[in-house]
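Below is one structure, written out as structure tokens; comments come after it.
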Amino acid sequence: MPDAQEPDGFLTLLERFGGFVAARDSAGGEVGGVSWFDQVRLRAALDACGSEVLVLRADVSGIQDFIYGVSSARALKALRARSFYLELLAVHALRGMLTVCGLTRANVAYLGGGGFQVYLPPTCEAQVLAFAQSFDDWLWAEHQGALGFAVASVVVPVSEAREGSSFQRSLSAELGRRKARRREGRLAEVFGTVQAPLARQAREEAMNEQLVALGGLLPRATHIEVRDPAQAEGRGWVVLHDRAYRPVTVSPGAPRPPERLALNSLTDLGAFPMFTGNYVTRVHDVPAELRIMDPDNPQPEDTRSTATLEQLADLALGQRRLALYRCDADNMGQFFSGGIPGHDAARHATLSRLMSLFFQGYVNALCAQREPLLPGVPQAKRSAQDGHGRYLSIVYSGGDDAVVVGAWNEVLTFAVDLRRAYRRFTGGNPLLGLSGGAFIAKAKYPLRRMAERAHEAETLAKNVREGKQVVKDGFVPFLTMDTPAEDLRAAVRWNVFASLDGAVDGVERTLDVLSKFLALRDPTSTEGTGGIELVTRRAFLWKLQAFAEREGDVWRLPLLHYALARATPPEHHQTEWQDLKKTVLDSRTWPHLGHVLGFLHLARPTAHERMD
């Protein structure tokens, strides 16, 4: 392995085989929460810095506006490519800083979420700040001020850098201030440069065309080829500052580009590893009989291209609706700022690296799963393509958060599985929750507005309460255009919505109550995505909806008994009906009814959609 003789190749080898090996203390005992790989690389990096260490943190700003601030219909196909482009910006900046200092990624504390932190010798300060300024100038010119690159740094004694917590809060605060003042010193450029709207639109369209081409290559890419911009020929290239990047697929044994990034792999010792959530649904992932024609592009389309939002919505159960889901890990800022027991630089690096592996690597495997939310819940026919599962696409996944969009029921199932996986990942730590919310709308609803409403849902989830105490770890499954952004009833704690560890503890959760309703599913109703019909009359569900909404009303309980008395017991489901009656008469299940009925409403197509 000649590449292993190079410092970066040797680091990749160490990470591959030592990244999950526990570190050891001076007495030979195991150090919990620290990997041997992070322990030895940071020890060497900090020792090489001398008596003092320059701790530098950097971040790309303007991420949300760049991802969602698109107007072109074809821009939807570049959605994942836009977020990948932002990840690439952070990797490019990190590699550039390490290069000007003559260092390796042994000095990296973390990389993810559009930012990074590194430990450098103080003698490198002038070089890295000059590089950062040059990169920020390029971003300003290329994106007309929409994107920026902010850095904050502090010089600390090497002992304090090893301890790793006392300066983290102040460094984070300083970076936030610099991001807020990123237009400082550029007022002449902001107000003095006027670009015609048509010229600006043409520039945005040209950028979007590049990203559409890049996005078409990304889902099956194994590497990112890196070249000098003057040598970048053909489709799929994007130029970042002083380098050009293009996704490529390298078959085993085939020649590899001289300079490259390896995607989601530690097997290529000659490449810089880059983990990314790159799961998308492409046109050819959809079974041919379920594909619809893109109304904005009536010509036959490239089946390798990313499926449109309309195509994803058409694969939804019942009503043709999309869900955009946003989630964020709870209390991670507190942990990274010194809240980890026995916090030090190595433990900080291990947690950061594993969080990136989860949100930028393992999330792809969760998307590729094929199981329904509950047994008996129909779903669209699964793809014949290897590695494809759910009909959704990752918009962004990195750091400690994720954003996906797709058929509403597929996104709901993904959200439940993601929370369960995150619980296993954190060892069931009650302080490390994952709050998230989904906004559901038609495919034509503006994507930017969907993201804003999903953010409102996420905020509601982070304010979920037990009694009067905010506990976080919440979930908003069904925020729609009719749901007020401040309606706390839309949020529920995850352990109330679903069992997170599969344990049977006798507690009725939302999905358990839903299963009682699904037991009354009409066996003659349409299979696949046609929808769910129950053998009870539709009026019974509307009466239950009125009951669920009248919390605190003195007429609430009589309304429930009236609904049950007026309902016609299904002739061939007497046992299931009695079980359901017993369930809805139990006051402990009442808080679940709103979300259960929300699911059943979406799972039944409207009259217009049934006619179509």
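The values are calculated or read from the model by the stated rules, or taken from the named source; none is laboratory data. For clarity, every value in this text was computed on a predicted model and none was experimentally measured. When we count neighbours, we look across all protein chains shown, and the Cβ atoms used for this are built from the backbone with ideal geometry, even at glycine. Each accessible area value is taken on the protein alone, full model and side chains, heavy atoms only, with ligands, DNA and RNA left out. Shrake-Rupley method; radii C 1.70, N 1.55, O 1.52, S 1.80 Å.
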Distance (nanometres) between label positions extended 7 Å along Cα→Cβ at V155 and D482: 6.4
Need one number: nm distance between label points at K444 and D242, each 7 Å from Cα along Cα→Cβ, rounded to one decimal. 5.0
In Å², what does the accessible area per residue of the chain work out to with a 1.4 Å probe? 44
For a protection proxy built on the mean count of beta-carbon atoms within 10 angstrom, sort 37-43, 369-375 highest first, please. 37-43, 369-375
Scanning the chain for helices, which whole DSSP H stretches are 24 Å or more long along the axis (Cα) and average 0.0 or more by Kyte-Doolittle? 79-101
Please list 144-154, 104-114, 576-586, 551-561 highest first by mean number of surrounding beta-carbon atoms within 10 Å per residue. 104-114, 144-154, 576-586, 551-561
I want the antiparallel fraction of DSSP beta bridges within the range 218-294, as a percent rounded to 5. 80
Potential lengthening between D522 and D25 on full extension [0.36 nm per residue; Cα-Cα distance subtracted]: 172.7 nm
The chain: relative contact order as a whole-number percent, Cα under 8 Å and 6+ apart: 13
State the cysteines of the chain left without a partner when partners are defined as other cysteines whose beta carbon lies under 4.7 Å away. C49, C327, C367
About its Cα centre, the chain carries a charge dipole, from +1 on Lys and Arg Cβ atoms and -1 on Asp and Glu Cβ atoms, whose size in debye to the nearest 20 is 1040
Run the accessible area of the chain with a 1.4 Å probe and give the carbon-and-sulfur part as a rounded percent. 54
For every helix of n ≥ 4 consecutive DSSP H residues, a contribution of -39,500 (n - 2.57) applies; sum these over the chain, divide by its total residues, and give [θ] at 222 nm rounded to the nearest 500 deg cm²/dmol. -12000 deg cm²/dmol
Which length gain, in nm to one decimal place, applies between S499 and R550 when the Cα-Cα distance is subtracted from 0.36 nm times their residue separation? 15.7 nm
Packing-based ranking, highest mean first, of 251-261, 93-103 given that Cβ atoms within 10 Å are counted: 93-103, 251-261
Rule-of-thumb check for the range 331-451: C-alpha Rg over 2.2 N^0.38 Å? 1.20
If you take the charge dipole of the chain about its Cα centre, with +1 on Lys and Arg Cβ and -1 on Asp and Glu Cβ, which of A603, L534, A81 is farthest toward its positive end? L534
Could you tell me what percent of the DSSP beta bridges with both partners in the chain are antiparallel, to the nearest 5? 90
Across every pair of different alpha-carbon atoms, what Kirkwood hydrodynamic radius in Å does the range 442-523 reach? 14.5
FRET efficiency for R43 and E571, Cβ-Cβ distance as r, R0 = 60 Å, nearest 0.05? 0.25
